[in-house]
Amino acid sequence: MDQQQEQAVVDACPTELFIGGKWRAGEGGKTLAVEDPATGTTLCQVADASPADGMAALDAAVAAQADWAATAPRERGEILRRTYELMTERVDELALLMTLEMGKPLAESKGEIAYAAEFFRWFAEEAVRIEGSYQVAPNGKGRFLVMRQPVGPCLLITPWNFPAAMGARKIGPAVAAGCTMVIKPASQTPLSMLKLAELMTEAGLPAGVLNVVTTSDSGGVMEPLIRDGRARKLSFTGSTQVGIKLIEQAAEQVLKTSMELGGNAPLLVFADADLDQAVEGTMLAKMRNGGEACTSANRIYVQTPVLEEFSRRLSERMGALTVGRGTEDGVDVGPLIDATQRDKVKDLVDDAVGRGARVLTGGTVAGGNGYFFPPTVLADVPRDARLQKEEIFGPVAPITAFDTEDEAVAMANDTEYGLVSYLFTNDLTRALRISERLETGMIGLNQGIVSNPAAPFGGVKQSGLGREGGTVGIDEYLETKYIAINI
Ligand code: NAP
């Protein structure tokens, strides 16, 4: 990829706030820098919104709500469908922009654009399938009319690890349901969202439906909007720590909330598993997005008879991955998002090694620019290592042995998180028995990826509230109204 091409993609991306269908500078012309994590250099500056800018965005969303809710569902669906088509046509440009601001290899960025576009296609189809019902009351006299209506203006907050898909997963159903919104992307990866707003405008989205606010002061800008009361819904994807704070703020006005929070996914490999499948699945579960995914396998538990063989094969695969700048050919793993994240991953590895874990591959940070960490496999990881409890968010696979099914389930459930678990076994009854006992919202059975726009994504325990995607995804943006009829 040549530098001119990269610069052209950055230059073609909007950098201002998108409010009421217009691009405008932030109050006082303040800006914030967007960095390329592979080089540590600044790509461009984007508007840095103030609380007043945030409030202007909410005003715009509130002003547009009634007309938007009255739009024909088919029209809303067709705007989503056109968004899907535009994203598919422009995948190369969108993927390059994402790689530049986030670091993941181009192939993964293309995969994310396709995944994000699929949410628009899926919800284009759901927009025209919002159902209601008419029912005879049990006493035979009255009638119940049940209808679904848009919840109202929404506040959407997204993280940096999937700069397009996490937004698409919220914007798609909100648009389909007839809600307007203010979205705040992560300050480290604002470009993909600004570009998406431009593209949705081209797809026909009316002014004020989608408002984008980029800021270095997330709390200062979003808290007044959450406490304002005119927005009726808060949907957040990010860390559990921030999610808890936002639930508290949302409680004041009793906002409907959806929370996609942190994970600490266990991955269980039983001795009866197909080892090729287990290694392949572990690579996907661990290395998608370089390990910077809420669904990333954080703890790998392997039954003793296959422990050595599995560990050897996984180390070989991890050790063979090429680390580098995501724009370069042949790169499998990009940099981590910033120095803080790289140092945290290193601390977690050092802590595990200090408690007796063995490094099978990787483990040490090479010098140079960019926030790179090598794919790492650790064996004999003790239960008290910090990375058994904390989200690693990096390319580190910690392996621990187990003997019995009960022991595996107890270790898997020994966490406050409950997003996803992975299970590799060829024994059907064991698979079903364990699946029922695992305390997670999703399970990958003999496969390392669960994300799919047509399926309900979400967690239990401190991993979240609500589901995104699938036929239930739109429910998060609808209220049920019931009319009691005296016939
Ligand atoms: P984060 O620090 O919680 O930030 C997420 C978003 O919240 C960003 O836009 C951030 O803005 C914003 N934010 C931070 N503090 C805020 C506040 N006080 N008020 C309002 N907004 C605030 O999380 P992250 O480090 O970006 O993302 C990684 C986390 O997301 C991991 O825990 C991961 O598991 C989780 N995640 C979960 C899912 C899921 O579906 N369950 C999917 C992806 C990621 P700034 O950028 O300005 O800080």
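Relative to the longest principal axis of the Cα atoms of the chain, the long axis of helix 191-202 lies at roughly 40 degrees.
Using +1 at the C-beta of Lys and Arg and -1 at the C-beta of Asp and Glu, which of M222, Q65, Y84 has the Cα lying farthest in the positive direction of the dipole of the chain? So the residue we want is Q65.
Tell me, what is the Rg over Rh of the stretch 225-341, with Rh the Kirkwood radius over Cα pairs?
Details: Rg = 19.6 Å, Rh = 17.2 Å.
For the stretch 225-341, the value is 1.14.
Peptides 252-260, 134-142: what's the order by average Cβ count within 10 Å, highest mean first? Could the numbers behind the result be given before it?
Details: 252-260: 19.0, 134-142: 10.1.
Descending mean neighbour count gives 252-260, 134-142.
Could you look at the stretch 120-268 and say what percent of its accessible area is carbon and sulfur, using a 1.4 Å probe and all protein chains? Don't skip to the answer; put the middle values down first.
On the way: 2410 of 4650 Å².
It is 52 percent, rounded to a whole number.
Could you give the alpha-carbon Rg of the stretch 379-445 over 2.2 N^0.38 Å, rounded to two decimals? Before the final figure, lay out each step's value.
Working: Rg = 12.3 Å, N = 67, 2.2 N^0.38 = 10.9 Å.
Taking N as the residue count of the stretch 379-445, the ratio is 1.13.
Answer rounded, prolate or oblate for the stretch 39-117, using the Cα gyration tensor with square roots of eigenvalues a ≥ b ≥ c: rounded when a/c is under 1.5, else prolate when a/b is larger than b/c, else oblate. It is oblate, given that a/c is not under 1.5 and a/b is not larger than b/c. Partners of K389 within straight-line reach, counting lysines whose Cα lies under 21 Å from its Cα and excluding those fewer than 8 residues away in the same chain: K245, K286, K344, K346, K461.
Quick check for me: using +1 on Lys/Arg Cβ and -1 on Asp/Glu Cβ, what's the dipole size of the stretch 113-217 about its Cα centre, in debye to the nearest 20? Let's see the in-between values first.
Values: 9 positive and 7 negative charges, 84 e Å.
Computed about the Cα centre, the dipole is about 400 debye.
Counting only protein heavy atoms, what percent of the accessible surface of the stretch 430-487 is carbon or sulfur at a 1.4 Å probe? Don't skip to the end; give the middle numbers.
Working: 1500 of 2860 Å².
Accessible surface attributable to carbon and sulfur in the stretch 430-487 totals 53 percent.
Please report how far the C-alpha centroid of the stretch 254-325 lies from that of the stretch 451-486, rounded to the nearest whole angstrom. Answer, in whole Å: 28. Using all pairs of distinct alpha-carbon atoms, the Kirkwood hydrodynamic radius of the stretch 221-281 works out to 14.1 angstrom.
DSSP bridge analysis restricted to the chain gives an antiparallel fraction near 45%, rounded to the nearest 5. Its Cα gyration tensor gives the stretch 298-422 an equivalent ellipsoid; the semi-axes, largest first and in whole Å, are 26, 16, 13.
Near the amide H of I443, within less than 5 Å, lie the amide hydrogens of S421, all on another chain or at least 5 residues away, with H placed in the peptide plane. Taking the accessible area of the stretch 287-341, probe 1.4 Å, and keeping the other protein chains in place, the carbon and sulfur fraction comes to 47%.
At full extension, A8 and R74 could sit 20.2 nm farther apart than now, given 0.36 nm per residue minus the alpha carbon distance. Could you name the lysines whose alpha carbon sits less than 22 Å from that of K22, not counting residues in the same chain fewer than 8 places away? Of all the lysines, those that pass the test against K22 - Cα under 22 Å, at least 8 places apart if same chain - are K30, K170, K184, K195. Note on D347 and A137: their simple-model spin labels are 6.1 nm apart, each label 7 Å out from Cα toward Cβ.
Relative to the first principal axis of the alpha-carbon coordinates of the chain, what is the inclination of helix 91-102, with its axis defined by its Cα atoms, in degrees from 0 to 90 and to the nearest 10? Roughly 70 degrees, rounded to the nearest 10. Think of a 1.4 Å ball rolled over the protein heavy atoms: the chain then has 38 Å² of accessible area per residue. Think of the stretch 80-199 as having a plus end and a minus end, set by charges on the Cβ of Lys, Arg, Asp and Glu; of A165, P153, Q188, P153 sits farthest toward the positive end of this dipole.
With a simple spin-label model that places each label point 7 Å from the Cα along the Cα-to-Cβ direction, the separation between K30 and I449 comes to 4.0 nm.
Given an 8 Å cut-off on Cα distances and at least 6 residues of separation, report the relative contact order of the stretch 363-487 as a percent. Before the final figure, lay out each step's value.
Numbers: 153 pairs, mean separation 19.8, N = 125.
So the answer I get is 16 percent.
Relative to the longest principal axis of the Cα atoms of the chain, the long axis of helix 339-354 lies at roughly 40 degrees. The label point for E89 and the one for T471, both projected 7 Å from the Cα toward the Cβ, are 3.3 nm apart. Annotation: amide H-H contacts under 5 Å for T361 (H modelled 1.01 Å from N, sequence separation of 5 or more, or interchain): V377. Of the peptides 215-222, 172-179, the order by per-residue mean of other Cβ atoms within 10 Å, starting with the highest, comes out as 172-179, 215-222.
For the peptides 154-160, 242-248, the ranking by mean Cβ contacts within 10 Å, running from highest to lowest, is 154-160, 242-248. The distance linking the stretch 141-177 with the stretch 384-427 is 32 Å (Cα centroid to Cα centroid, whole angstrom). For the chain, the average shadow cast by the Cα convex hull is 24.1 nm², which is a quarter of the hull's surface.
With only Lys, Arg, Asp and Glu charged, each at its Cβ (+1 for the first two, -1 for the last two), find how big the charge dipole of the chain is about the Cα centre; round to the nearest 20 debye. Numbers along the way, then the final one.
On the way: 46 positive and 65 negative charges, 299 e Å.
So the dipole magnitude of the chain works out to roughly 1440 debye.
What is the dipole size for the stretch 41-189, taken about its Cα centre, with +1 at each Lys and Arg Cβ and -1 at each Asp and Glu Cβ, in debye to the nearest 20? Around 700 debye, computed over the stretch 41-189.
The values are calculated or read from the model by the stated rules, or taken from the named source; none is laboratory data. If you're wondering where the values come from, they're calculated on a predicted model, not measured in any experiment. Positions of Cβ are generated from backbone atoms using ideal geometry, with glycine treated the same way; all protein chains shown enter the neighbour counts. Accessible surface is based on the protein model in full, side chains and every heavy atom, while ligands, DNA and RNA are left aside. Shrake-Rupley method; radii C 1.70, N 1.55, O 1.52, S 1.80 Å.
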